[in-house]
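The numbers here are math on the coordinates, done by the rules we state, and not lab data. Bear in mind that the values here come from a model prediction, so they are computed numbers and not experimental data. Backbone-built Cβ (ideal geometry, glycine too); neighbour counts: all protein chains shown.
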Amino acid sequence: MIKQDVFHLILVALFSINAIAQTTLDEVVVSSPRLDIPFSENSKSVTVITAEQIAATPVTSFADLLRFQAGLDIRRQGVEGAQADVYLRGGTFDQVLLLIDGIRVDDPQTGHHTLNSALPLEVIERVEIVKGPSARIYGQNAFTGAINIVTKRAAENKTTLYERRGSYNTNQLGITHQLANDNSQHIAHASYNSSDGYRYNTDFRNLHFFTHSSFGTTQKYKLITMFNERKFGANGFYGVTSAEDQYEETQSSLVALTTSVTSKNTSFTPRIFWKRGQDEYIYVRNNPGVYRNVHINNKIGVSLDTKIAHTNGNRTGFGAELSTVAIQSNNLGQHSRTIAHLFFEHRISLNRLSLTPGFALSHFSDVATFFYPGLDIGYALNNASKLTFNTGYTYRVPTYNDLYYNGPQAIGNANLKPEKALSYELAYRHASSNWSIEAALFQRNSENLIDYVEVTPGDPKWLASNAQEVSTFGGEFISSFAFDIGKYQQQLTLSYAYVKDDYTKTVVSRYALNALKHNVNIQLLKKFTSRWSSSTSYRYAARALGGNYQVVNAQLAYTAGDWGIQLQGRNLFNADYVENLIPMPKAHGVISLQHSF
């Protein structure tokens, strides 16, 4: 049931701002939905984080970048991206899909490994966060939404080096090289991150390699390669706080070749890709014989997206993806499946009104066939303001860990049913020359929600179960204001997200039912001179099952020609808080030196 006071508060925020001067912001074409639509015309809830915003945010990892976004809950089990889970609008870490340039990089073993495929910030052009039911666009795992990383293309011949030193003997070294000419563009990145850790057995060693090459006079052939390796002490990870000596090593790699064929009104985008994941988990770091798992999974697939722009302004998108997924594991066994995914959507433009019905059909050779219908509606109140409504069905099949895992504290369940949900969203968006505002109300009615639950009180093992039916209600409010001090522009951004779960059965849940009930983020970007700038962020978080905290981060940056230096401070006021039951570090900092030539 929607709370009346929350509902009235958001309605006031929605409709009290129409007196503002209305000019359209510079357009960004959002590529996350299958139809390429300018941001102002889009009828889904999409948040875009640009490369400029990334550089101004006091973070050095993708996981920490996402923590500043309304509706996202990043539960870290380490720092600097060592290991973290991403939750969206009160869902679980298995219900968010990660893509790189539109290519799915989900891990069939477990959603704990989703962010293992995240790229270094230095090679990201922008991040597109699609909130709400996205299964009809992307299929499996886009239960609560999808996050698409759009990679940079080389624009000039340049090499950038950086070094970062910080608390806990943190050391980061990286190099990014760009090469551009008339017939090709290339960007290559390599980096190494290490730390002794902020408490016992939280050290890590991370390696990142990435390349992006475009060929042809119109760069219509694109080759992406990625390899990430993480080795980290896992003190208390995965909800087992007493297991202080856990250790893990993961690898994630991707090779993808994409091309495009474009005529006057139609474009075809075929892809072929190979995604590989590897995970070695040791329960007692210095004694692997006690308990050790090794999992290797491979996904090979081909896809074809087709987009048609009609002369009357309407657009049609449809396509297919065929892939095979296989896993080999000393714990989970050997399993494989073939996945066939079809999608279709058609955008109808009627002056100020737009309608986008669509559906997807997904077949899993070892599970079932699923049908996902949905509808997006947009209405432009004027040149700067828009109302949108979205609804759709979504599904998620269990991961291989959900089905077959057998460990000291958790047991899989081969009889699990797929999760399913029906979601609704009503949103308002306004953009002027110096102010933007977004607000949304959403509800998701989930059935057969999968989580690890305590079956017998006092029993140390958790059982994967279709826990219950859950209705999730929430709201989001995001506002950004740009203003001048002297001749330099400053920016203030405020966001608030609210989530509430209603469920009939009371169970001790390991992950699903402890969402961020309240989440406030405030960020101030200041520019003092042509060389000096700063960023200050404040975050307040309160969880549904109790516990809240406040964290302040800051960054001071100096740029002079090809040189740059940054000083970052995190948790400046020593807040005492936990994420995923793991105590987070007190005040710590990083200093970065960068040079381009």
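Taking neighbour counts of Cβ atoms within 10 Å as a proxy for exposure, in what order, fewest first, do W563, W274 appear? If you can, show how the numbers build up before the last one.
Values: W563 12, W274 15.
Fewest-to-most ranking of W563, W274: W563, W274.
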> Cβ under 11 Å from Q489's Cβ, Q489 left aside: what net charge do those residues give with Lys, Arg +1 and Asp, Glu -1?
Replying inline: +2
>> Just to check, using Stokes-Einstein with a Kirkwood Rh over alpha carbon pairs, what's the diffusion coefficient of segment 457-552 at 25 °C and 0.890 mPa s in µm²/s?
In response: 147
> Order of 312-322, 476-486, 514-524 by packing, highest average Cβ count within 10 Å first?
Replying inline: 514-524, 312-322, 476-486
>> If I take all pairs of Cα atoms in segment 4-596, what percentage of them are more than 40 Å from each other?
In response: 23
>> Need the list of lysines near K417 for cross-linking: C-alpha distance under 22 angstrom, and skip anything on the same chain fewer than eight residues off.
In response: K461, K505
> Over the chain, what is the relative contact order in whole percent, taking alpha-carbon pairs under 8 Å and six or more residues apart?
Replying inline: 12
>> Ignoring everything except DSSP H segments at least 4 long, calculate the 222 nm mean residue ellipticity for the chain; use -39,500 (n - 2.57) per segment, divide by total residues, nearest 500.
In response: -1500 deg cm²/dmol
> For the chain, what is the charge dipole size about the Cα centre, in debye to the nearest 20, if Lys and Arg each add +1 at the Cβ and Asp and Glu each add -1 at the Cβ?
Replying inline: 700
>> Quick check: Cα centre of segment 266-320 to Cα centre of segment 329-392, how many Å?
In response: 17
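Output the pairs from K152/K487; K44/K420; K220/K299 with a Cα-Cα distance over 26 Å in this structure; if there are none, say none. Walk me through the numbers on the way to the answer.
Working: K152/K487 30 Å; K44/K420 20 Å; K220/K299 24 Å.
In this structure, K152/K487 lie more than 26 Å apart at Cα.
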> Any idea what the relative contact order of segment 321-425 is, in percent, if you count C-alpha pairs under 8 Å spaced at least 6 apart?
Replying inline: 19
